[in-house]
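Enquirer: Shown below is the structure under consideration.
The values are calculated or read from the model by the stated rules, or taken from the named source; none is laboratory data. Note that this is a predicted model, so its numbers are computed, not measured. Cβ coordinates were reconstructed from backbone atoms using ideal geometry, including for glycine residues, and neighbour counts include every protein chain displayed.
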Amino acid sequence: MTTVGLLYPGHSAEDDYSRIEALITGLNCPMVHTDLGEDAHRVDPLQEMGSSERLAVGVEQLRLSGAESVVWACTSGSFVYGWEGAHEQIRALAAAAGLPASSTAFAFAHAAQALGVTRVSVAATYPPDVTEQFVRFLAAAGVEVVGARSSGIVTSAEVARWGRERVLELVRAGDHPQAEAVLVPDTALHTVAFLPELEAAVGKPVLTANQVTVWEGLRLAERRGARSTELGRLFAGEE
């Protein structure tokens, strides 16, 4: 059994993680829900949501659960700090947990690297200014963004209500001919049930926030053999 501890802001698409647990043998993903604060995809509330003080609150519970790694299951609550600030956030989390730690923002960068992808498009639920910060974060990670689409959604609560058709529409609209993969940030968005369909729609890997979050936790726990045909190309073959 591999145990990946998750710190998840509020309540939105946490059932995505139960789906992943059911698809990967020997995976346990205990979750602590952190204080969401103001539900807004704006820089100040996002930085407050990702503060070290808020993240540290649930760390002891995850440690007692037997977690082998801890992932801050939030994309925007990490990349809004910038490349260096996001690293500092994770260093503080690792120190508080006494475990290897990361965030969904870094998970995207590492997953793209694992797939050999250097050019991507971004299909985001966020307002344009927040999407642009993710683009800059990826650039700092050596990932070129050749196209970016913003949906202008401010709250996680609204994103959590999106269904299959709207997610498919987002991915199709966010694709770009030069992109080797489509990245879909926002852990409030349900995507796990649709991953094979999303990849079929664009004919390339689709990396989504909840998918890469678990993959990152497994990477940190040094479990390399987690595979599923239902979780996209990221989980389909050798890293």
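Enquirer: Picking from Glu68, Glu60, which residue would you name as being more than 18 Å from the chain's Cα centre (by Cα), of a type in the set (Asp, Glu) and under 16 Å from Trp215 (Cβ atoms)?
Expert: So the residue among Glu68, Glu60 that is more than 18 Å from the chain's Cα centre (by Cα), of a type in the set (Asp, Glu) and under 16 Å from Trp215 (Cβ atoms) is Glu68.
Enquirer: Here is a list: Gly147, Gly116. Which entry is modelled with pLDDT of 95 or more and part of a loop (DSSP other than H, G, I, E, B)?
Expert: After applying the criteria, what remains is Gly116.
Enquirer: For segment 22-32, name all the residues that are crowded, with 16+ Cβ neighbours inside 10 Å and in contact with a strand residue (DSSP E or B) (Cβ under 7 Å, 6 or more places away or on another chain).
Expert: Leu27, Cys29, Pro30, Met31, Val32
Enquirer: I would also like to ask the following. Taking segment 46-85, which residues are of a type in the set (Val, Ile, Thr), farther than 20 Å from Leu27 by Cα and buried (at least 22 other Cβ atoms within 10 Å of the Cβ)?
Expert: Thr75, Val80
Enquirer: Select from segment 15-41 the residues that are at pLDDT below 85 and charged (D, E, K, R) and write down the one among them that is nearest to the chain's Cα centre (by Cα).
Expert: Asp39
Enquirer: Another question, if that's okay. Report the residue count in segment 113-160 for those that are touching a Ser or Thr at 6+ places or on another chain (Cβ under 9 Å) and not aromatic (Phe, Trp, Tyr).
Expert: Residues meeting the conditions: 28.
Enquirer: Is it true that some residue in segment 87-102 is out of contact with any Lys or Arg (no Cβ under 9 Å at 6 or more places or on another chain), part of a helix (DSSP H, G or I), within 30 Å of Pro177 (Cα to Cα) and modelled with pLDDT of 95 or more?
Expert: No.
Enquirer: Here is a further query. Out of everything in segment 158-198 that is among the small types (Gly, Ala, Ser) and either modelled with pLDDT under 95 or assigned to a loop (DSSP other than H, G, I, E, B) (or both), what residue ends up being farthest from Ala105 (Cα to Cα)?
Expert: Gly163
Enquirer: Next up: Quick test for you: out of Leu55, Leu62, Leu27, Leu36, pick the one residue that is touching a Ser or Thr at 6+ places or on another chain (Cβ under 6 Å), in contact (Cβ under 8 Å) with a residue 40 or more places away in the chain and not charged (D, E, K, R).
Expert: On inspection, the qualifying residue turns out to be Leu27.
Listed here are the residues, each with its yes/no results for (1) more than 18 Å from Val212 (Cα to Cα); (2) buried (at least 21 other Cβ atoms within 10 Å of the Cβ); (3) charged (D, E, K, R).
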residue	(1), (2), (3)
His87	no, no, no
Gln113	no, no, no
Thr125	no, yes, no
Ser151	yes, yes, no
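Enquirer: How many residues does segment 199-225 hold that are modelled with pLDDT under 95 and touching a strand residue (DSSP E or B) at 6+ places or on another chain (Cβ under 7 Å)?
Expert: Number of matching residues: 1.
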